[in-house]
Amino acid sequence: METIYDRVAGLDIHKKTIVVCLRTTRPDGSVQEEIRTVGTMTDDLLALGDWLSEHHVTHAAMESTGVLWKPIWNILEGYDLQLQLVNARELKQVPGRKSDVRDCQWIAHLLACGLLNSSFVPERGQRQLRDLTRHRAQLHGEHTRCVNRIHKVLQDANIKLSSVATNILGKSGRDMLAALVLGQDDPNSMAELARGKLRKKIPELKRALKGHVLDHHQFMLEQLLDHLGLLEEQISRFNDRIEEALRPFVDDETFNALDAVPGVNRITIENVVAEIGVDMAQFPSSQALASWAGVCPGNEESAGKRKRRRTTKGNVWLRRALCEAAWSAGRSRETYFNAQYRRLASRRGKKRAIMAVAHSLLVVFYHLLKSEHPQYQELGGNHFDTLDPMRLRRHLVKRLESLGYEVTLAERKAA
């Protein structure tokens, strides 16, 4: 194979050690390889960077092994060196001939021949924003689990508050839970803590709050409510930090354009920008971005037959944020996304329809972030009807005739 890069390095990364192959192609075409095993401590990585610089290495590649690649990347990106992070499926060795030395030699060989596709690794500021948004998502998940535990304790105590109140953690619900923790056992007085619209259900609340609350239940509720308050405080702190970290990436004009998209709110914008950034030059097209995110159909064909069309694996955090926004966009009224959702849900099911809406949302994000003066234009809920009105007319007439009607069409006169 033709050699494209003369001085490259392949890194086989482990938790405690890194096996490095420095591959040099001489002018006469001969290849010289030097193998070293170094540690993963900061001093070892600095020494590795100096060694690569001394040998004028221009490119280095490593396998994306969990989070073990991050400390190496953080140190080596400070050197005059082009780094590549490669998906493990593109570096598979021949079974039975695998070792740490052979792995680093194989990586260096593929890199020298230009056969590696580098994964998208954003700059440090965006990586920090990613850490914040992903940790906040974990906190939201833990918040949901804590709420479910509170429901479980209430059911065990014969308290049927969730059967009457839609949200047991609203202002009224929290007051009632606090009264239960303090040992209040009078359902009439606890029902009077209801506020707003919930006061219309006071007779039902009196029945729902009559239970069998023990000291064990009071202790569990107290601990769960304390944990819930701590999680909400942490989420609030992360929201403030993320809002501050987002400012260098998105200006007010772009943020307002993204916020105008149905189903999209501040959290969606923060999550999407943290994953894909704002420089769309790194993605050749919106289709490439959708494939990277894993929100497009797979392509598996054999003998002229299409097999499974399940979506491909991609960025799970981005996919999660888009699907959450898609559920909201699909229920917005008189919008393109609502029409797309209803059109597909009846034929393909709700989940496939949501994935299609998520794909459309990502395409909108791509073009708005790519535009110098972004502005969202709503196509409207009748967009699909205007694409081929004659076809729609034939379909509706056929439906009416199938119901036993004789249909005669006449153009409506102008007012």
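Only the coordinates and a few stated rules stand behind these numbers; no lab work does. Bear in mind the structure is a predicted one, so any value in this text is a computation, not a measurement. Cβ sites come from the backbone with ideal geometry, for glycine too, and all protein chains shown count toward neighbours.
Shown is the FRET efficiency for Ala414 and Arg343, computed with R0 = 30 Å from the Cβ-Cβ distance and rounded to the nearest 0.05: 0.50.
Which value in nm describes the separation of the simple spin-label points at Glu243 and Thr65, placed 7 Å from the Cα toward the beta carbon? Output for this residue pair reads 4.2 nm. Comparing Cys21, Leu396, Ser64 along the charge dipole axis of the chain, the residue lying farthest to the positive side is Leu396, per the Cβ-charge model. What whole-number distance in Å separates the alpha-carbon centres of the range 107-181 and the range 15-71? When both Cα centres are located, 38 Å separates them. Paramagnetic label reach from Glu54 (point 7 Å along Cα→Cβ; backbone nitrogen cut-off under 16 Å): within the range 3-46, residues 20-23, 34-39, 43-46. The calculated FRET efficiency for the pair Thr42 and Glu334, based on their C-beta separation and a Förster distance of 45 Å, comes to about 0.20. Couplings 3J(HN,Hα) of the range 184-200, computed from phi: 5, 10, 8, x, 5, 5, 5, 5, 6, 7, 5, 10, x, 5, 5, 5, 5 Hz, in residue order, whole Hz [Karplus 6.51 cos²θ - 1.76 cosθ + 1.60, θ = phi - 60°; x for Gly and Pro]. Return the label of the correct value of semi-axes √(5λ) of the Cα gyration tensor in Å, as calculated from the structure shown, out of (i) 47, 31, 19; (ii) 50, 37, 20; (iii) 40, 25, 19. Answer by label: (ii).
Among 206-212, 252-258, the peptide with the highest mean count of other Cβ atoms within 10 Å heads the list, and the full ranking is 206-212, 252-258.
With the simple model of a label 7 Å out from the Cα in the direction of the Cβ, Ser162 to Glu33 spans 5.9 nm.
Once the Cα-Cα distance is subtracted from the 0.36 nm per residue extended length, the Leu182 to Ile75 segment shows a gain of 33.1 nm. Spin-label pair Gln155-Gln282: with each label point 7 Å from Cα along the Cα-Cβ axis, the two points sit 4.4 nm from one another. Pairs exceeding a 26 Å alpha-carbon distance, out of Lys160/Lys200; Lys92/Lys350; Lys313/Lys350; Lys313/Lys351; Lys197/Lys350: Lys92/Lys350; Lys197/Lys350.
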